[in-house]
Amino acid sequence: MENKTEVYELMEDYLQGTLEGEELALFEQQLKQDRTLQEELALYRQIRTATADQDINELEVVLDASFDEYRQKQEQPAGQQPATKNRKGWIVWLVFILLAVLAAWLFINYFSAADTPEKIYAQFAQHEFALQEMGADEDLMNIQNLLNGQDYTGAISAIEAYQGQYDIRPDLLLAKGISLLETDQYDSALEVFSALCQNYPLYRNEAIWYEALTYLKNERLPAAYAALRAIPKGASRYKDARALSQTMTEMAPDLEVNIAPSFLCD
């Protein structure tokens, strides 16, 4: 068992109970005769238990003790060094690998998993565009294709050109507001959503929903929270508003006491 990877795999199989037959007998025989292997297995079992339980404090203690033990052995006189030199440095290699696992675990659970306004926005800003009479109008079809392709700058120009020739349509007004939002033109987007809310009652709650997303993306969290609270129970966006409100308060627990009024539809 001079190969480090082979030793690691055998220890893992042994602890999982999947090592059988001749391999199991050979490993146990080697384990009885090889004190270094015994120490390595004990260390690996401790670290494996700590990582399985996600007990970071325990894992740090195990790793610190392992480094101290290895350093003490290296400081012993030459005649007192362990007889099995073919795996010299194995403990350091094992600890290094497990430290890398620990670092990955910490990153996933403490850093990458942390919510931010940007991440929450990406989660909830799922736009669906279905312009009326799309098949009967090439201009509308072009706008739809620009929106589907997330070419929001092109969509804004195409919508404005269309509105210069025809009557204002609420579905196009909503699409324009979303396009302005996606291109970070927050004030212009809010103006569009306000016009939509005040002039087209059927789009009121959709306009308020996008007002909240605009504030969220612009990191104006109290204003976003207030807008979400303006969506009434039973509205098509009510469940979305509740879910987003809950996610925001989990990210910022004191958010609910800092409510700013929403004047979008006033």
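The values are calculated or read from the model by the stated rules, or taken from the named source; none is laboratory data. Computed from a prediction, not measured in an experiment: that's the story for all the values here. Every residue, glycine as well, gets a Cβ built from its backbone with ideal geometry; the counts of neighbours run over all protein chains shown.
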- Message: Just to be sure I understand, how many residues within segment 192-231 are under 24 Å from MET251 (Cα atoms), surrounded by fewer than 20 Cβ atoms within 10 Å (Cβ to Cβ) and of a type in the set (S, T, N, Q)?
- Response: 1
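Output the residues belonging to segment 253-266 that are part of a loop (DSSP other than H, G, I, E, B) and either modelled with pLDDT of 80 or more or among the β-branched types (Val, Ile, Thr) (or both). Steps first, please.
Kept after step one, since they are part of a loop (DSSP other than H, G, I, E, B), are these residues of segment 253-266: 253-254, 258-266.
Across segment 253-266, the qualifying residue is only ILE259.
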- Item | Any hit, segment 202-219, residues being farther than 17 Å from ASP115 by Cα, basic (Lys, Arg) and either in a helix (DSSP H, G or I) or modelled with pLDDT under 95 (or both) | yes
- Message: Take the residues in segment 157-186 that are buried (at least 22 other Cβ atoms within 10 Å of the Cβ) and not hydrophobic (A, V, I, L, M, F, W, C); name whichever of them is farthest from the chain's Cα centre (by Cα).
- Response: LYS176
- Give the residue, chosen from ALA189, ALA243, ALA235, that is modelled with pLDDT under 95 and surrounded by 15 or more Cβ atoms within 10 Å (Cβ to Cβ). ALA235
- Test ALA25 against the criterion of being modelled with pLDDT of 55 or more, small (Gly, Ala, Ser) and more than 41 Å from the chain's Cα centre (by Cα), and give yes or no. yes
- Of all residues in segment 166-201 being in contact (Cβ under 8 Å) with a residue 24 or more places away in the chain, outside any helix (DSSP H, G or I) and not charged (D, E, K, R), which is nearest to GLN126 (Cα to Cα)? THR183
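If a residue must be in contact with a Pro (Cβ under 7 Å, 6 or more places away or on another chain) and within 20 Å of ALA155 (Cα to Cα), how many such residues does segment 176-202 contain?
Residues meeting the conditions: 1.
Can you find even one residue in segment 146-161 that is of a type in the set (Ser, Thr, Tyr), in contact with a helix residue (DSSP H, G or I) (Cβ under 8 Å, 6 or more places away or on another chain), touching a residue at least 12 places away in the same chain (Cβ under 8 Å) and in a loop (DSSP other than H, G, I, E, B)?
In the first step, residues of segment 146-161 are kept if they are of a type in the set (Ser, Thr, Tyr); the result is 152-153, 157.
With in contact with a helix residue (DSSP H, G or I) (Cβ under 8 Å, 6 or more places away or on another chain) added as a condition, the list becomes 152-153.
From what is left, the residues that are touching a residue at least 12 places away in the same chain (Cβ under 8 Å) are 152-153.
Narrowing further to those that are in a loop (DSSP other than H, G, I, E, B): none.
No, because not a single residue in segment 146-161 is of a type in the set (Ser, Thr, Tyr), in contact with a helix residue (DSSP H, G or I) (Cβ under 8 Å, 6 or more places away or on another chain), touching a residue at least 12 places away in the same chain (Cβ under 8 Å) and in a loop (DSSP other than H, G, I, E, B).
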- Out of segment 125-138, which residues are modelled with pLDDT of 80 or more, surrounded by 15 or more Cβ atoms within 10 Å (Cβ to Cβ) and acidic (Asp, Glu)? none
